[in-house]
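The values are calculated or read from the model by the stated rules, or taken from the named source; none is laboratory data. Nothing here was measured: the structure is a model prediction, and the numbers come from that model. Cβ placement follows ideal geometry from the backbone for every residue including glycine, while neighbour counts extend to all protein chains displayed.
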């Protein structure tokens, strides 16, 4: 669009496409971070279960007399590791919830922009939907 002063503005469709590309990159980043969080959480949960099982077997072995009472210090270390895992898993669950909220907010921004531009069912809805 040209004006009498020589100022040209971009076509609103082109602006919308630029916005959608930007939002799509942001959505992919949120999804990538959420996947990283989930992978860390899954790994910690596996180590948590393994450590808890090992601690339980060690306590049973000490109680049955098949392991020395000196092994109880290992149980203490395992207990601390389990508690640290529980705290980290809770933190990761919180972070994952935040990523979901951010992703939902981004989807709402895209939907709002589509409504304002009059293209509710156009590429706006697919831009951030994974």
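Which numbered condition trips up residue 45, out of (1) more than 30 Å from residue 67 (Cβ to Cβ); (2) within 26 Å of the chain's Cα centre (by Cα)?
(1)
Among the residues of segment 21-64, how many are more than 19 Å from residue 110 (Cβ to Cβ) and free of Cβ contacts under 8 Å to residues at least 60 places away in the same chain?
Looking only at that region, the number is 29.
Might you let me know whether segment 6-20 holds any residue that is loosely packed, with under 15 Cβ neighbours inside 10 Å, farther than 30 Å from residue 110 by Cα and at pLDDT below 90?
Checked against the condition, which is being loosely packed, with under 15 Cβ neighbours inside 10 Å, farther than 30 Å from residue 110 by Cα and at pLDDT below 90, segment 6-20 yields at least one hit.
Can you tell me which of (1) under 19 Å from residue 41 (Cβ atoms); (2) surrounded by 15 or more Cβ atoms within 10 Å (Cβ to Cβ); (3) in contact (Cβ under 8 Å) with a residue 40 or more places away in the chain is the one residue 106 doesn't meet?
The one condition residue 106 does not meet is (1).
The rows are residues; the columns are (1) more than 30 Å from residue 31 (Cβ to Cβ); (2) in a loop (DSSP other than H, G, I, E, B); (3) at pLDDT 95 or above.
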{"position": "49", "(1), (2), (3)": "no, no, yes"}
{"position": "55", "(1), (2), (3)": "yes, no, no"}
{"position": "83", "(1), (2), (3)": "yes, no, yes"}
{"position": "95", "(1), (2), (3)": "no, no, yes"}
{"position": "99", "(1), (2), (3)": "no, no, yes"}
{"position": "113", "(1), (2), (3)": "no, no, no"}
{"position": "125", "(1), (2), (3)": "no, no, no"}
